[in-house]
Amino acid sequence: MARYTGSVCRFCRRENQKLFLKGDRCFTEKCAFERRAYPPGQHGQGRIKFSEYGLQLREKQKVRRMYGLLEKQFRNLFAKADRQRGITGENFLNMLERRFDNIVYRAGFANSRAEARQLVRHGHFTVNNKRVNIPSLELKKGDVVVIREASRNAVQIKTAIEASKRREIPQWLEMNPADFKATVRDLPARDDITAPIEERLIVELYSK
């Protein structure tokens, strides 16, 4: 499967905001966005004026990079959200939040979504007592995610749990740190997603 292997810090600079793609590093003075808060490239410090389409495209790219999806994955997920009842934009964000790799990250078991995806791929977690290694799996209300006993002493996971104390765990997740367990208490509502996302622009882009 194709994947991006270059610098991800340039994504934050390109979108002009922190996307927290490198976990704990994003909270330190080493963060590239803190040092160079302008788009990469020789024209990055110039004045940039976006058209309506440009604003829609930048919002789509920002959210896609934030959740770590390829273009085809992102478009297919939006098409699935568009077929559901309700508000398309909110359905879309709900589905992004319920991805297995995102829930592992939100629960504080990984420093970033990319790290969460790697840990899921390597089979470090169970869902409802079954070992699952599919990052795109959409979890449902009542699903229980547990770190496998053999993985609980992994340095990567222990470091992530310690670092997660500076992040806020969403209300729709119920945490039980003593048992290395997270439960999907409810489906995420729009108000639970605090990241600065304007899903309306993405809907407009894909509606053209």
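The values are calculated or read from the model by the stated rules, or taken from the named source; none is laboratory data. Just so it is clear, the structure is predicted and the values come from calculations on it, not from any experiment. Every residue, glycine as well, gets a Cβ built from its backbone with ideal geometry; the counts of neighbours run over all protein chains shown.
Remarks
- Test for Asn129: is it surrounded by fewer than 22 Cβ atoms within 10 Å (Cβ to Cβ) and modelled with pLDDT of 95 or more: no
- Only a single item in (1) within 27 Å of Glu90 (Cα to Cα); (2) touching a Pro at 6+ places or on another chain (Cβ under 8 Å) is not met by Glu198, and it is number (2).
- Residue list for segment 133-148, restricted to those being surrounded by fewer than 17 Cβ atoms within 10 Å (Cβ to Cβ), within 15 Å of Leu119 (Cβ to Cβ) and hydrophobic (A, V, I, L, M, F, W, C): Ile134, Leu137
- Of the residues making up segment 173-206, those that are charged (D, E, K, R) and touching a strand residue (DSSP E or B) at 6+ places or on another chain (Cβ under 6 Å) are Glu174, Lys181, Arg185.
- In segment 180-208, residue surrounded by the fewest Cβ atoms within 10 Å (Cβ to Cβ) [restricted to those that are in a strand (DSSP E or B) and of a type outside the set (A, V, I, L, M, F, W, C)]: Lys181
- Taken over segment 49-101, the criterion of being assigned to a loop (DSSP other than H, G, I, E, B) and closer than 12 Å to Glu199 by Cα is satisfied by Ile87 alone.
- For segment 149-172, filtered to residues that are outside any helix (DSSP H, G or I) and out of contact with any strand residue (DSSP E or B) (no Cβ under 6 Å at 6 or more places or on another chain), the residue that is surrounded by the most Cβ atoms within 10 Å (Cβ to Cβ) is Trp172.
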